[in-house]
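What follows is a short report on a single structure.
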Amino acid sequence: MLDLEVVPERSLGNEQWEFALGMPLAQAISILQKHCRIIKNVQVLYSEQTPLSHDLILNLTQDGIKLLFDAANQRLKVIEVYDLSKVKLKYCGVHFNSQAIAPTIEQIDQSFGATHPGVYNAAEQLFHLNFRGLSFSFQLDSWNEAPKYEPNFAMGLASLQIPHGAMVKRMHIYTGNNLQDTRAPAMPLACFLGNVYAECVDVLRDGAGPLGLKLRLLTAGCGPGVMTDAKVRSLERSIYFGDSCQDVLGALGSPHKAFYKSEDKMKIHSPSPHKQVPSKCNDYFFNYFTLGVDILFDSTTHLVKKFVLHTNYPGHYNFNIYHRCDFKIPLVIKKEGADSQGEDCILTTYSKWDQIQELLGHPMEKPVVLHRSSSANNTNPFGSTFCFGLQRMIFEVMQNNHIASVTLYGAPRTASQNLPNQASHESSTNQ
């Protein structure tokens, strides 16, 4: 049985690990994988057709705990303990729930002190006792008790007092004063672990197509050897098609992984694939998992030739490999008529394929069906995805109409196309 410390408005954990509000989904799953011999039978709950309409939930069925992650930013929003008989809980090092200590209203009052009066919810037959960042829900002993706690009984005063001996049925840890209005907080400093995260990624483009990416990055910076001065720093970096491997390393740092392509499965869809001379070297990717971005380099020139942006929707084969890339792709939609001006539109991580088709038009060709599997004989339980090409972009579309990834192509820039600030940087480094 897990023995966990409750920290209101912050976390639930022990000396080995901690589920902290604002923690990215991938880190919580990493904790569960690392301690799989202790924490077993974990379920991943999500809406298959409308993944943005419901929280993404990790249900620790053996321990009676649910971790609710915001559907959009995929950070931990609420920690719920729904079966207190399966876990030991303590506050400030003192147990208030264990096999020997029942979590009654008297015990909660003794452990946590005074707070506002309890609120009775007639629909759930529960009393809710709220502290800042923490709430307890108490079960009535019998249905016969319910009517006297209705708000209109005794002019509503009965609902101010939770009946003696009432037992805690559920506990929630969250940010703020109201569980219904809570949001996932910013990522805590303790969750950075030396990594760099992308707050947002803007696709840079001209009338012809994508040019590169502008990334707003977050990192936990601190003075030399002084962790007490640590704080979140924000910085911007831009990378372009045609940038060298060294340019990318200087802007984003070392990738989490470098992957060399052994084959090009899309080669058959290119013009005259049989005429293409096989390369002696393989193109290679820089995988930035915490940014949700892959960068492909040409094996001969070592220049950027492709960007891949991942949305990390549940129900996709690559789910939880990448953090969600919160991207924005500006588009100029030309209206009919000689005097009409273009209309600015923005595609995001949350745009659906039917919305994109309304803006860009329907592709001229049928989609390429992409079926991923770990080996030739294995099946993919999530099914195939469909790849559509429009305006030097390839959209990988899931069966629920959401975008799994966007691949950006662009011709490498020549020397005359360098941006002014890049040109001045190059000249200063050559001196």
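Here is how the numbers come out for the structure above:
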{"item": "Inter-site label distance for residue 260 and residue 55 at 7 Å from Cα along Cβ, in nm", "result": "4.6 nm"}
{"item": "Accessible-area order (highest first, 1.4 angstrom probe) of the listed residues 233, 37, 324", "result": "37, 233, 324"}
{"item": "Cα gyration tensor category, rounded, prolate or oblate, for the stretch 2-174 with a/c compared to 1.5", "result": "prolate"}
{"item": "In Å², nearest 10: area of residue 83 left accessible to a 1.4 Å probe", "result": "40 Å²"}
{"item": "Calculated FRET efficiency for the pair residue 206/residue 48, C-beta based, R₀ 60 Å, to 0.05", "result": "0.95"}
{"item": "Sequence-distant residues sharing a close amide H with residue 170 (under 5 Å, placed H)", "result": "137"}
{"item": "Rel. contact order, % - alpha carbon contacts under 8 angstrom, at least six apart, the stretch 61-125", "result": "20 percent"}
{"item": "Amide H within-cut-off set for residue 327, under 5 Å, with H built and near neighbours excluded", "result": "201, 349"}
{"item": "Cross-link pairs beyond the 18 Å C-alpha cut-off, checked among 90/169; 66/231; 214/306; 214/305; 40/169", "result": "66/231; 40/169"}
{"item": "The stretch 1-145: relative contact order as a whole-number percent, Cα under 8 Å and 6+ apart", "result": "19 percent"}
{"item": "Paramagnetic reach from residue 131 in the stretch 171-187 [backbone N under 14 Å; point 7 Å along Cα→Cβ]", "result": "171-177"}
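The values are calculated or read from the model by the stated rules, or taken from the named source; none is laboratory data. What you are looking at is a predicted structure, and each value in this text was computed from that prediction instead of being measured. A quick note on method: Cβ atoms are made from the backbone with ideal geometry, for glycine too, and the neighbour counts reach across all protein chains shown. Note: areas computed on protein heavy atoms with side chains; ligands, DNA, RNA excluded. Shrake-Rupley method; radii C 1.70, N 1.55, O 1.52, S 1.80 Å.
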